[in-house]
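J.: One structure, as structure tokens, below. Some questions next.
The values are calculated or read from the model by the stated rules, or taken from the named source; none is laboratory data. Keep in mind the model is a prediction, meaning the values are calculated, not measured. All Cβ positions, even for glycine, are placed from backbone atoms using ideal geometry, and neighbour counts span all protein chains on display. SASA here: full protein model, heavy atoms, side chains in, ligands and nucleic acids out. Shrake-Rupley method; radii C 1.70, N 1.55, O 1.52, S 1.80 Å.
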Amino acid sequence: LSARQAVDGAGSARRVVSSLLIVYSLIYPVVVWADGFRYPRMPTFGVPCPTVILTIGLLLTARGGIPPLLAIVPVLWGFIGGSAAVLLDVPTDYVLLAGGALLTFAVLTRRGQDGGPSPRNSRRSQP
């Protein structure tokens, strides 16, 4: 993200969702513990799921377009980890599916804003 891509203004729906994802990623060990996992078998910080949820939340705070290359790994892991959560019945990781879908939507809809490439911006007008 460039220096000109500031954080979205407080109160926007995108800001609220990104804040919820960030907070969820930080309390992830508590949520997992409440779901019945106990240390040392419980996942904590540093494992992919809370790290990806935090990354998605941070990327969603950016105003303007999110560079697609930056979103590839979080989106892929959101869908891979989210599908595993559904198949293995791990409710604490269902957020990964939602986060992956939100980030995909944000990349596709925000692309081209602030001068980035988009189908509308890439065509030169014919004289």
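J.: Only residues in segment 58-72 that are closer than 10 Å to LEU103 by Cβ count as the first member; pair them with residues that are assigned to a loop (DSSP other than H, G, I, E, B) and open to solvent by less than 10 Å² (accessible area, probe 1.4 Å), Cβ under 6 angstrom, at least 6 apart or cross-chain, and list the lot.
T.: Filtered contacts from segment 58-72: LEU59/ILE66.
J.: A further question on this structure: Anything in segment 105-127 that is part of a helix (DSSP H, G or I), surrounded by 17 or more Cβ atoms within 10 Å (Cβ to Cβ) and at pLDDT below 85? List them, or say none.
T.: ARG110
J.: I've got another one for you. Do you know which residues across segment 43-57 are among the aliphatic types (A, V, I, L, M) and free of Cβ contacts under 8 Å to residues at least 24 places away in the same chain?
T.: If the condition is that a residue be among the aliphatic types (A, V, I, L, M) and free of Cβ contacts under 8 Å to residues at least 24 places away in the same chain, then VAL47 is the only one that fits.
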